[in-house]
Amino acid sequence: MELYGPIFVLGGIGAAFVVVSMVVGAIAGPKRYNRAKLQAYECGIEPTPQPAGGGRFTIKYYLTAMLFIVFDIEIIFLYPWAVHFDALGVFGLVAMLLFLVNVSIAYAYEWRRGGLEWA
């Protein structure tokens, strides 16, 4: 348990920093509220009324999100594999090849659905 001590201390310091920053900001920050500051801000454009339920999004938003998730998962698995490549042997090579086949299927699906067309 003593090996986790520095991690807990660092987590406590981080949590204390967040709490102290929020309290100091609430106490010391300016409090000049008016009607314009309390309205929603959308890059200088007047907000448009939204239908009940928030409206519909195009599939491009979801495909882009899926693409980022696939990239993140790929990187999360490839870095440790690359670091310990020599220690993993043939089993590690086969496991990573199977993983890359699965990722390639996800990329092919994304490409077929038009998620890689940015124009």
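When residues in segment 91-119 are screened for being over 12 Å from VAL70 (Cβ atoms), modelled with pLDDT of 90 or more and surrounded by fewer than 14 Cβ atoms within 10 Å (Cβ to Cβ), 7 of them pass. ILE75 meets the conditions (1) under 22 Å from the mean Cα position of the chain (by Cα); (2) modelled with pLDDT of 80 or more; (3) surrounded by 10 or more Cβ atoms within 10 Å (Cβ to Cβ) in every case but one. The failed one is (3).
The values are calculated or read from the model by the stated rules, or taken from the named source; none is laboratory data. Everything numeric in this text was worked out from a predicted model, so none of it was measured. All Cβ positions, even for glycine, are placed from backbone atoms using ideal geometry, and neighbour counts span all protein chains on display.
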